[in-house]
Every structure is written in C-alpha cells, then in structure tokens.
Amino acid sequence: MTKISIRNVLLAALSGLMLTASFAPVNLDWIAWISLIPLLISLEDKSLSDAFKIGLFVGLFHYLTLIYWIVNVLSRYGNINLILSLSALLLLSFYLAFYIALFALIVANFKNNRLSPFWGACIWVALEYARSYIMTGFPWCLLGYSQYSRLPLIQISDIAGVYGISFIIVLVNFALYNVASLMIKKKASTYAIGDKSEVKGYDHNKHNGHPLRIIGIDAIFTFFLVGCVLVYGYSRLKEKADNNVKGKELRVMIVQGNIDQSLKWDSDFQEETLSIYKKLSLESADFKPQLIIWPETALPFFFQDASHFSKEVFEVARITNANILFGSPAYVKDKDSILYYNRAYMISKSRVFDYYDKVHLVPFGEYVPLKKCIPFVHRLVTAAGDFSTGKKAEPIYSPGLKIGALICFETIFPDIPRRFAAQGAELLVNLTNDAWFGRTSAPYQHLSMAVFRCVENRLPMARAANTGISAFILANGKIVDKSKLFAREILQKKIKLAHKKTFYSQLGNIFAILLTIATIIKFLWIVIIRR
C-alpha cells in the first residue's frame with residue numbers, strides 16, 4: 001500500500017488550481033481540458049483511502065481559491081467575526097471538495113477494471129448533478145461553466161445542458177491521460193527490454209495487443225464526439241442572429257444604480273436611492289424604451305404600501321411611457337405572523353401588472369436554517385425578517401409579453417428558467433444585487449453561468465445588477481453589451497423575441513439523469529462481479 005507523498009500533494013494542488021484558473025475572471029478556459037490529468041496521475045496505484053484523501057486535497061485547493069469571496073460577504077456585510085467567516089469558507093469548501101474526493105475514490109475503485117473516458121465522464125457528471133440538488137443545491141461553477149465564452153462548443157446545451165459540456169471536458173481529460181500514460185510506459189519499456197528490466201505497470205506484449213486498441217478506440221470516439229459537438233455548434237451559430245430573426249421587437253433599458261450595500265437599507269438614504277434610479281431612467285427619452293429594468297431590491301422599501309415613494313415609481317413609468325420591472329421586498333400577513341418575500345414587480349404608469357416571488361432562496365442569506373442553533377447568521381437577513389419561499393414559478397405577465405424573472409442566484413439553477421421557457425416565456429430577466437460580492441471574482445462567475453440559461457432555452461436575457469455586472473445576452477449565449485463593475489450606468493438594446501421550445505426546455509436534465517443512472521448500474525455491476 002502506497003502513502004501520499006509530497007509529489008501527490010503537489011499534483012493535487014496543481015489540479016485544483018488549474019480548475020480554478022479555468023473559470024472567470026481568469027478565463028484560462030483551455031486549462032480545463034487538462035486540469036484533471038494531474039489528479040489522475042496522482043491516483044495511480046493508490047489505495048481507496050489514499051485516493052479519497054488526494055481527491056479531498058484537489059477539492060480544497062480548488063474551492064478555497066474559487067469561492068474565497070464568501071469571507072467578504074460574511075465579514076464585511078454580515079458583520080460576522082473574521083475567524084467565523086473563514087471557518088464558514090473552510091466548511092463549505094470541505095463539503096464541495098467531498099464530491100471530488102468521491103470522484104477520486106470511485107476512479108480508484110476501477111483500478112482493476114480499466115476505466116474508459118466514457119465512464120470517467122459519467123461519474124463526474126453524476127456527482128455534479130447530485131451537488132446541484134443535495135441540501136438545496138449549490139451548483140456554483142460546475143466544470144462546464146468554464147467554457148461560457150466558447151460559443152460553438154456550448155450550443156449543445158440546448159440538448160444536454162451545462163452537464164453536457166462537463167461531460168465532454170472530462171472525457172477529453174481521461175482520453176489524453178490514457179494515451180499519454182500508455183506512450184510513456186511504452187517508451188520506458190523500449191529502454192528496458194534490452195537488459196530484461198521490468199517497467200512497473202507495463203506489459204510490453206499485452207499493450208501491443210487488445211488494451212492498446214481499446215485506448216486507441218476510446219481516443220477516436222472522444223475526439224469524434226467533440227467534433228460532432230462543434231459541428232452542431234457551428235451549424236446553430238450559422239442560423240440567423242437574434243437581431244435578424246423574425247419576431248416582435250422590444251426596446252429594453254437596464255439601469256445599474258450602483259447603490260452602496262452599506263447604505264442600501266438605511267432609511268435616510270431611501271429617497272436618494274429612488275432619485276438615482278429615476279434620474280437614470282429619464283435619460284432614456286431618445287431611446288423610447290418599452291421596458292425599463294431595475295435590479296433586485298432596487299427599492300429598499302415596501303412598494304406595496306401606498307407611500308409617496310411608490311407614487312414616484314409610477315410617475316417614472318408615466319413620463320417614460322414604459323413598463324418597469326424592478327425588485328422590492330414584500331410581505332403578506334398570515335394569521336399571527338408576517339411572511340416576507342423577495343419580489344419582482346412589473347408595473348405600468350397606472351397599475352401593477354404582475355409580480356414574482358423568489359422560489360429558491362439563499363441559505364443563511366435570505367433564510368436561516370436551524371437559526372436557533374446558529375443564531376449569529378441571522379444578521380445576514382436583509383429584511384425585517386427571514387424571507388419566505390415564493391408559492392409558484394411562473395412567468396411574469398404584461399400585455400403581449402411573458403418574462404421569466406430570475407432573482408439573484410436563481411440563474412445558477414437551470415430548472416427554474418427551464419420551467420419559465422416551457423410556460424412560454426419570451427425573455428429571461430435576471431435581477432440581482434451582486435454588491436454583496438464586492439470586488440471579487442464572484443460577479444464575473446455569476447454572469448458566466450447566466451450565459452448557459454440563454455443557450456439551454458434559446459432565450460435572450462437582460463441582466464440588471466445593482467453594482468454590476470449588468471448585461472444583454474443573446475439566445476446563443478453571446479454577451480453583446482455589459483456594464484463595468486461598481487459604476488452607475490444604463491444599457492439600452494432592441495431585442496427580438498422569437499421563441500421556440502428546445503429539447504432541454506421540454507425535457508430538462510434528462511442527459512445528466514441518464515448518465516447518473518448508468519453510473520449507479522455500472523458501479524453496482526462491478527461490485528457484484530468482484531464478489
């Protein structure tokens with residue numbers, strides 16, 4: 001039985017850091033295609049326990065450098081002690097690293113049954129899919145998201161979702177590792193044959209036979225599949241661009257107010273906040289927008305109350321002759337209690353057309369699980385009490401338009417916009433307050449994941465963020481306009497709304513589900529055969 005050496009730890013660190021570097025804002029997306037090779041090398045001839053530990057090291061190096069921004073959220077805006085904030089980061093990183101550790105454990109378990117690139121990719125996708133749902137889910141920066149700027153590659157998402165891209169990346173990592181490993185061992189054997197030395201793990205006669213052919217077939221299959229994905233992607237991109245397709249046109253304006261998070265909920269600053277949004281919105285006179293979008297909780301007061309602030313919002317709609325979609329907290333009295341909601345309103349100059357209450361809340365941010373056991377996190381709640389989950393996920397309606405409103409990190413959960421698309425949404429709108437993240441990598445990562453929601457459902461998106469990054473994204477995933485971070489800006493664009501339901505919007509994550517089922521069956525079969 002081998003032990004974990006410094007070499008193994010260094011390989012684990014390399015693999016973890018390569019994974020992080022492939023995501024925004026570093027954007028070295030090509031590294032993702034070889035990022036798992038150091039991990040696979042370190043797993044050679046390892047026991048199951050050592051493999052699990054190595055995978056855990058990889059995950060820790062990866063997630064501690066990827067989601068470090070959690071410390072900024074907790075300590076700066078949550079007023080939580082730095083030690084507790086660092087502990088929260090470490091705890092979450094350990095949890096996420098567990099999935100990579102489990103991946104390494106399963107891969108090592110196949111050591112007596114050669115693991116093909118296909119099954120390696122199946123295992124990875126199955127674990128990503130599990131991470132998206134267990135404990136309410138935290139699918140932040142799944143491997144496929146690293147390729148958000150590779151438009152030809154990600155078009156397959158309208159069939160397989162982001163999991164399809166993760167599958168392809170892991171497939172290539174395994175294929176390259178298998179080929180490189182075989183070539184190295186074969187080369188080493190040519191030097192050893194003369195003096196009849198042994199090369200550990202390599203049988204010259206054996207590898208000139210059947211296994212060599214299998215590895216060759218695996219490599220051919222892998223790169224053939226990549227070629228098919230790219231052919232599909234280029235064919236989709238050759239279709240008419242969003243702004244040239246037939247369909248009704250909508251003039252949309254995004255307002256990025258850049259309101260300091262430390263002042264946002266100060267009652268003395270409410271009038272100033274509304275004044276900022278009003279002034280920026282009125283700058284759109286020449287553009288004549290039909291829809292103006294303000295970010296999540298843009299109005300830090302209860303819009304439903306008939307206050308002079310609410311009347312001013314209707315006045316903006318009247319002057320601009322545009323509908324306004326914006327975020328504001330809301331409440332409903334329920335017997336002896338009051339329920340609070342993170343709400344998106346759609347209004348005209350004279351009335352509220354519709355609203356949507358956020359259905360997937362942020363744990364420890366918008367609601368507090370086990371708050372009696374962990375009372376300090378209650379300080380993160382930004383309204384007069386914990387938010388409650390919205391009753392239904394349906395598009396917001398206004399005359400002649402259906403909008404799928406996604407509030408904050410609902411964009412990282414593909415099932416929500418998929419349901420909107422299946423119900424006839426013509427435009428996705430993401431209202432978010434990324435001010436929590438500060439000047440970290442999180443706003444860039446959050447934007448990159450939104451790209452996939454557009455491709456999966458072939459819907460354009462308007463993204464309004466309080467401090468950025470606001471953006472317009474076409475249905476093919478191309479970011480055509482975006483704001484700067486921590487800047488007061490307006491974005492304007494004419495969007496064509498031509499919607500056709502995709503395979504993904506109708507059947508969802510069937511690809512990931514099938515791979516998960518196949519992985520479980522394969523694993524059970526191996527266990528039965530060994531017994």
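A compact table of results
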item	result
GluC sites (Glu not before Pro) lying in DSSP loop within region 275-361, provided at most 13 other Cβ fall within 10 Å	GLU283
Kirkwood Rh, Cα atoms: Rg over Rh of region 1-112	1.05
Amide proton proximity set for ALA405, modelled H, under 5 Å, gap of 5+	ILE396, VAL429
Karplus 3J(HN,Hα) series, Hz, for region 8-18 with 6.51 cos²θ - 1.76 cosθ + 1.60 (x for Gly, Pro)	5, 5, 5, 5, 5, 4, 4, 5, x, 5, 5
Dipole in debye (nearest 20) - region 1-112, about Cα centre, beta carbon charges: Lys, Arg +1; Asp, Glu -1	180 debye
Charge dipole (the chain, unit charges on Cβ, about Cα centre) - positive-most of TRP265, THR440, THR222	THR222
Antiparallel DSSP beta bridges within the chain, percent to nearest 5	65 percent
Assigned charges on the beta-carbon of Lys, Arg, Asp, Glu; the chain dipole about Cα centre (debye)	1260 debye
Cross-link reach list, aspartates and glutamates versus LYS288, counting only Cα pairs under 15 Å and skipping chain neighbours closer than eight places	GLU249
Shape of region 242-500, Cα gyration tensor, a/c cut at 1.5	rounded
Relative contact order [Cα under 8 Å, 6+ residues apart], the chain, whole percent	16 percent
Dipole axis of region 1-112 (+1 Lys, Arg; -1 Asp, Glu on Cβ), positive-most option in ILE70, SER35, MET18	ILE70
Entries of LYS358/LYS494; LYS46/LYS522; LYS358/LYS493; LYS335/LYS501; LYS53/LYS391; LYS278/LYS358 with Cα pairs more than 31 Å apart	LYS335/LYS501; LYS53/LYS391
Ratio Rg/Rh, restricted to region 56-106 and using Cα atoms, in which Rh is the Kirkwood radius	1.08
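Only the coordinates and a few stated rules stand behind these numbers; no lab work does. For clarity, every value in this text was computed on a predicted model and none was experimentally measured. As a convention, Cβ positions derive from the backbone with ideal geometry for all residues, glycine included, and neighbour counts pool all protein chains shown.
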